[in-house]
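K.L.:
Supplied in structure tokens, the structure appears directly below.
The values are calculated or read from the model by the stated rules, or taken from the named source; none is laboratory data. Every value quoted in this text rests on a predicted model; they were computed, and no experiment measured them. Quick reminder, even Gly has a Cβ in these numbers, built from the backbone with ideal geometry, and neighbours come from all protein chains shown.
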Amino acid sequence: MAFELETAEHPEKLRRVAIEPISRVEGHGKVTLLLDEDNHVKQARLHIVEFRGFEKFVQGRPYWEIPVMVQRLCGICPVSHHLAASKALDQIVGATHVSPTAEKIRRLMHYGQILQSHALHFFHLASPDLLFGFDSDVAKRNIVGVAADYPDLARQGILLRKYGQEVIRVTAGKRVHGTGSVPGGVNKHLTREERDALLKEAYQIIGWSRDAVHLVKRLFEQNLELYNEFGSFPAHTLNLIRADGAMDLYHGGLRARTMDGKTLFDHLDYNHYWDHVFEQVKPWSYMKFPYFRDLGPAEGWYRVGPLTRVSQCDFIPTPLADRERQDFIAFDAGHAAAATLGTHWARMIEMLHSAEMIKDLLHDDDVLAGDLVTTGERQGRGVGVIEAPRGTLIHHYRVDEHDQVIRANLIVSTTHNNQAMNESIRAVARKYLDGRELTEGLLNHIEVAIRAFDPCLSCATHALGKMPLRLELIDAEGRQIDRMVRAGDGTCSC
Amino acid sequence: MSAATLIVGIGNPSRGDDALGPLAIERLEAMAMADVELLTDFQLQVEYALDLQDRRRVVFVDAAESGPEPYAWAEVRPEQDTSYSSHELSPAAVLHTYAQLYGTPPVAHVLAVRGYRYDLGAPPSPAALANLDQAIRRLLAELA
């Protein structure tokens with residue numbers, strides 16, 4: 001393995017590839033490709049920042065502040081952190097079961113989050129690649145290009161996202177920095193007016209979501225070989241699952257399967273996740289590498305997220321989404337359901353499922369009235385797991401007798417997918433790197449692979465003009481022989 | 001009916017000088033200005049194009065990791081943007097999205113307040129807060 005190129009023999013190189021602190025704050029991605037003596041790619045490494053600082057940041061804080069504070073982890077999916085933390089803190093306050101009203105309002109919030117995040121991802125980030133092609137003019141590969149050539153599609157994408165955000169606003173109390181979910185439940189009902197306003201648009205949202213699923217399917221049909229093969233790799237999987245095997249993005253047990261379909265564990269109580277999942281530290285990355293303990297660090301890495309959830313559940317408990325799931329699984333003898341770009345298709349199926357769930361929950365009068373908060377016997381430890389837009393999200397806290405958080409462990413979706421993303425980039429680099437010179441085309445192909453996962457950088461931080469992607473080519477001697485940087489405005493420099 | 005002026009403060013309150021945008025909004029809220037709507041968020045996203053509808057002008061207030069001190073005030077025009085991530089969109093790209101969907105966007109400016117440190121959990125630096133004081137004075141003068 002090419003990891004040997006950066007071990008004890010050349011420790012100075014480890015320092016050289018590390019991300020400097022200022023970049024860690026701003027958030028960026030860096031990919032290094034290591035070549036062997038014959039110029040074959042031996043290792044591809046995606047370097048992304050981690051959230052260890054945040055785990056320390058919450059230590060010493062009173063536990064009831066945590067569901068609000070953790071939203072500052074991520075500006076794209078703050079609700080996922082809000083809810084995962086709330087679920088963990090439910091256990092701290094002894095709420096073994098929150099009230100039906102609280103669970104339904106939280107679920108509504110969560111499906112609003114999934115819908116808006118998936119809409120943003122597909123229409124803003126992925127559809128330019130898919131509609132215009134990976135090698136198309138870089139000026140077109142963005143939401144502006146989509147808006148110019150597909151104005152209805154771009155408008156639908158924005159309105160879908162806006163709708164999801166409105167669901168979040170009425171359930172969380174605010175468009176951002178919401179406070180709706182609290183340890184033991186929620187702090188408000190929906191008003192009848194809020195419910196009716198959302199219901200009025202719900203059917204249109206379902207229709208647009210279904211159209212988006214069909215659009216991705218058509219793109220697959222038109223580019224079958226490319227879509228099946230691009231950046232694909234076999235992987236073990238991890239996801240939450242409902243007791244009857246249904247997809248459940250809010251709550252359930254953990255299901256782990258190997259790449260050949262063998263079940264490692266199923267319906268596992270997530271309070272015991274640590275008995276089965278461990279995190280490996282590697283010197284060249286700030287981000288840890290989780291793996292299944294039973295398989296060990298070398299073989300035990302796995303993939304989480306929409307592709308895993310849609311392909312590994314037994315069924316989806318809403319009719320339109322489940323019909324699309326069946327099509328997806330059966331398509332081209334199952335190849336799409338194993339392809340990295342199948343993630344886009346799975347993501348749209350989940351968006352449709354979320355839209356259906358939102359409609360069903362809005363028809364349930366429990367969201368208008370009922371008990372908001374449950375309490376019980378105080379505990380010192382709590383674990384909350386949720387399926388966030390990008391995959392399984394784990395929050396784990398220990399709280400002392402003074403109500404202060406004394407330990408926190410967060411495993412975010414991007415960390416679960418760390419090795420999987422590296423595998424995908426490696427597959428792309430092997431196929432598209434030609435010689436020892438980096439090209440804009442190669443950079444974009446790597447970006448396409450990264451976009452399928454949409455890793456979460458240190459994204460709650462934002463400063464003007466700072467989110468580059470750096471690509472470096474390193475030879476067998478450890479020398480950098482080429483580099484390329486994509487700036488935040490899309491321009492490339494060498 | 002929308003207020004004629006929209007001011008959007010961008011940044012994370014928990015990351016040192018990245019809080020400058022939200023802090024600007026907090027201070028402006030206390031002034032209760034007429035016909036001005038204030039929004040704050042971690043970062044811009046495509047749906048902000050919808051917030052620009054029926055506005056006469058828009059101001060984006062954000063921390064700037066580099067550039068002039070104490071701040072830069074500049075008109076921003078629609079411009080395309082590309083990224084490998086869904087986690088960032090520039091003010092220019094929001095305007096461009098608006099332009100593609102609805103036509104000519106409102107006049108827009110960026111108030112880029114120079115920041116210096118972005119450590120998690122750190123308070124805004126004194127130097128950045130001093131920059132913010134001057135930036136807000138400029139903003140109020142522009143709005144007058």
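K.L.:
Pick from region B:96-113 the residues that are within 23 Å of B:Gly67 (Cα to Cα) and more than 10 Å from chain A (Cβ to nearest Cβ): which of them is surrounded by the fewest Cβ atoms within 10 Å (Cβ to Cβ)?
P.N.:
Narrowing region B:96-113 to residues within 23 Å of B:Gly67 (Cα to Cα): B:107-113.
Adding the requirement that they be more than 10 Å from chain A (Cβ to nearest Cβ) leaves B:107-109, B:111.
On the way: B:Val107: 15, B:Ala108: 23, B:His109: 19, B:Leu111: 24.
For region B:96-113, the residue satisfying everything is B:Val107.
K.L.:
Give me the pairs, please: first residue somewhere in region A:234-258 and in the same structural domain as A:His110 (by the TED database) and without any contact (Cβ under 8 Å) to a residue 60 or more places away in the chain, second residue anywhere and of a type in the set (Ser, Thr, Tyr) and surrounded by fewer than 19 Cβ atoms within 10 Å (Cβ to Cβ), beta-carbon distance under 6 Å, and either six or more positions apart or on two chains.
P.N.:
What qualifies is A:Arg257/A:Thr263.
Every residue, every condition in (1) within 13 Å of another protein chain (Cβ to nearest Cβ); (2) at pLDDT 85 or above; (3) within 17 Å of B:Pro22 (Cα to Cα), yes or no:
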residue	(1), (2), (3)
B:Glu65	yes, no, yes
B:Glu69	no, yes, no
B:Val76	yes, yes, no
B:Pro91	yes, yes, yes
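K.L.:
Show the residue pairs meeting these rules: Cβ distance below 9 Å; 6+ apart or different chains; first residue within region A:388-400 and touching a residue at least 40 places away in the same chain (Cβ under 8 Å) and in the same structural domain as A:Arg347 (by the TED database); second residue assigned to a strand (DSSP E or B) and of a type in the set (S, T, N, Q).
P.N.:
A:Gly391/A:Asn239; A:Thr392/A:Asn239; A:Ile394/A:Asn409; A:His395/A:Asn409; A:His396/A:Asn409; A:Tyr397/A:Asn409
K.L.:
Output the qualifying pairs, or none if there are none: Cβ atoms under 8 angstrom, residues six or more apart or on different chains, first residue in region A:74-96 and assigned by the TED database to the domain that holds A:Asn271, second residue among the acidic types (Asp, Glu) and part of a helix (DSSP H, G or I).
P.N.:
Taking only residues 6 or more apart or on different chains, the pairs are A:Thr96/A:Asp90.
K.L.:
Moving to a separate point now. Name the one entry in A:His402, A:His344 that is out of contact with any Cys (no Cβ under 8 Å at 6 or more places or on another chain), closer than 30 Å to A:Asn223 by Cα and not in a strand (DSSP E or B).
P.N.:
Numbers: A:His402 fails: closer than 30 Å to A:Asn223 by Cα.
Among A:His402, A:His344, only A:His344 is out of contact with any Cys (no Cβ under 8 Å at 6 or more places or on another chain), closer than 30 Å to A:Asn223 by Cα and not in a strand (DSSP E or B).
K.L.:
Kindly evaluate B:Tyr116 against the criterion of being in contact with a helix residue (DSSP H, G or I) (Cβ under 8 Å, 6 or more places away or on another chain) and buried (at least 23 other Cβ atoms within 10 Å of the Cβ).
P.N.:
So B:Tyr116 does not fit the description; no.
K.L.:
Additional query: Looking at the structure I just gave you, is B:Ala63 hydrophobic (A, V, I, L, M, F, W, C) and at negative phi?
P.N.:
Judged against the criteria, B:Ala63 is a match.
K.L.:
Taking interchain pairs and intrachain pairs at least six residues apart, which have beta carbon atoms under 6 angstrom, with the first residue in region A:316-342 and β-branched (Val, Ile, Thr) and the second at pLDDT 95 or above and part of a helix (DSSP H, G or I)?
P.N.:
The qualifying pairs are A:Ile316/A:Asp322; A:Ile316/A:Arg325; A:Ile316/A:His353; A:Thr318/A:His353; A:Thr318/A:Glu356.
K.L.:
Right, something else. Within region A:258-295, work out how many residues are more than 21 Å from the chain's Cα centre (by Cα), assigned to a loop (DSSP other than H, G, I, E, B) and more than 17 Å from A:His236 (Cα to Cα).
P.N.:
Residues in region A:258-295 being more than 21 Å from the chain's Cα centre (by Cα), assigned to a loop (DSSP other than H, G, I, E, B) and more than 17 Å from A:His236 (Cα to Cα): 4 in total.
K.L.:
Is it true that A:Leu240 is in contact with a Gly (Cβ under 7 Å, 6 or more places away or on another chain), modelled with pLDDT of 95 or more and outside any loop (DSSP other than H, G, I, E, B)? Working first, answer last.
P.N.:
Details: in contact with a Gly (Cβ under 7 Å, 6 or more places away or on another chain): yes; modelled with pLDDT of 95 or more: yes; outside any loop (DSSP other than H, G, I, E, B): yes.
Yes: the conditions hold for A:Leu240.
K.L.:
OK, next. State all residues of region B:25-47 that are surrounded by 17 or more Cβ atoms within 10 Å (Cβ to Cβ) and within 14 Å of chain A (Cβ to nearest Cβ); if no residue qualifies, say none.
P.N.:
The answer is B:Ile25, B:Leu38, B:Thr40, B:Asp41, B:Phe42, B:Gln43, B:Leu44, B:Gln45, B:Val46, B:Glu47.
K.L.:
Now for a separate question. So which residues in region A:168-221 are surrounded by 15 or more Cβ atoms within 10 Å (Cβ to Cβ) and of a type in the set (Phe, Trp, Tyr), if there are any at all?
P.N.:
A:Trp208, A:Phe220
K.L.:
Any idea which of (1) over 22 Å from the mean Cα position of the chain (by Cα); (2) free of Cβ contacts under 8 Å to residues at least 24 places away in the same chain is the one A:Arg169 doesn't satisfy?
P.N.:
A:Arg169 satisfies all of (1) over 22 Å from the mean Cα position of the chain (by Cα); (2) free of Cβ contacts under 8 Å to residues at least 24 places away in the same chain except (1).
K.L.:
Separate question: Pairs, please: C-beta under 7 Å, at least 6 apart or cross-chain, first residue over 21 Å from A:Pro151 (Cβ atoms) and in the same structural domain as A:Glu350 (by the TED database) and in region A:112-124, second hydrophobic (A, V, I, L, M, F, W, C) and not in a helix (DSSP H, G or I)?
P.N.:
A:Gln113/A:Cys77; A:Ile114/A:Leu249; A:Ser117/A:Ile76; A:Ser117/A:Cys77
K.L.:
Considering only residues that are part of a loop (DSSP other than H, G, I, E, B) and either closer than 22 Å to A:Arg255 by Cβ or within 22 Å of the chain's Cα centre (by Cα) (or both), which ones fall in region A:347-389? Spell out the reasoning first.
P.N.:
Taking region A:347-389 and keeping what is part of a loop (DSSP other than H, G, I, E, B), we get A:363-364, A:368-372, A:374-380, A:389.
Passing the criteria: only A:Pro389.
K.L.:
Might you check whether a residue that is in contact with a Pro (Cβ under 8 Å, 6 or more places away or on another chain) and not aliphatic (A, V, I, L, M) occurs anywhere in region A:100-116? Explain how you work it out, then say what you get.
P.N.:
Step one: of region A:100-116, the residues in contact with a Pro (Cβ under 8 Å, 6 or more places away or on another chain) are A:113-114.
Still in the list and also not aliphatic (A, V, I, L, M): A:113.
Within region A:100-116 (the criterion being in contact with a Pro (Cβ under 8 Å, 6 or more places away or on another chain) and not aliphatic (A, V, I, L, M)), the answer is yes, since at least one residue qualifies.
K.L.:
Could I ask something else about it? Under the condition of being of a type in the set (Ser, Thr, Tyr) and farther than 20 Å from A:Ala346 by Cβ, which residue from region A:416-459 is nearest to the other protein chains (Cβ to nearest Cβ)?
P.N.:
First pass over region A:416-459, keeping only residues of a type in the set (Ser, Thr, Tyr): A:424, A:432, A:439, A:458.
After this cut, where a residue has to be farther than 20 Å from A:Ala346 by Cβ as well, the list is A:432, A:439, A:458.
Numbers: A:Tyr432: 15, A:Thr439: 16, A:Ser458: 9 Å.
Among residues in region A:416-459 that are of a type in the set (Ser, Thr, Tyr) and farther than 20 Å from A:Ala346 by Cβ, the one nearest to the other protein chains (Cβ to nearest Cβ) is A:Ser458.
K.L.:
What number of residues in region A:166-214 are more than 19 Å from A:Ile386 (Cα to Cα) and either outside the structural domain of A:Phe123 (by the TED database) or part of a helix (DSSP H, G or I) (or both)?
P.N.:
So the answer is 26.
K.L.:
Could you look through region A:35-85, keep only residues that are within 30 Å of A:Leu442 (Cβ to Cβ), assigned to a loop (DSSP other than H, G, I, E, B) and hydrophobic (A, V, I, L, M, F, W, C), and pick out the one that is modelled with the lowest pLDDT? Before the answer, list the steps.
P.N.:
Taking region A:35-85 first, the residues within 30 Å of A:Leu442 (Cβ to Cβ) are A:35-51, A:74-77.
If we keep only those that are assigned to a loop (DSSP other than H, G, I, E, B) as well, we get A:36-40, A:48-51, A:74-77.
Still in the list and also hydrophobic (A, V, I, L, M, F, W, C): A:48-49, A:51, A:74, A:76-77.
Working: A:Ile48: 64, A:Val49: 52, A:Phe51: 48, A:Cys74: 69, A:Ile76: 70, A:Cys77: 80.
Ranking the qualifying residues of region A:35-85, first place goes to A:Phe51.
K.L.:
Determine if region A:355-374 includes at least one residue that is in contact (Cβ under 8 Å) with a residue 24 or more places away in the chain, of a type in the set (Gly, Ala, Ser), over 24 Å from A:Leu159 (Cα atoms) and in contact with a strand residue (DSSP E or B) (Cβ under 6 Å, 6 or more places away or on another chain).
P.N.:
No: region A:355-374 contains no residue that is in contact (Cβ under 8 Å) with a residue 24 or more places away in the chain, of a type in the set (Gly, Ala, Ser), over 24 Å from A:Leu159 (Cα atoms) and in contact with a strand residue (DSSP E or B) (Cβ under 6 Å, 6 or more places away or on another chain).
K.L.:
Among (1) part of a loop (DSSP other than H, G, I, E, B); (2) surrounded by 18 or more Cβ atoms within 10 Å (Cβ to Cβ), where does A:Arg255 come up short?
P.N.:
Of the numbered conditions (1) part of a loop (DSSP other than H, G, I, E, B); (2) surrounded by 18 or more Cβ atoms within 10 Å (Cβ to Cβ), the odd one out for A:Arg255 is (1).
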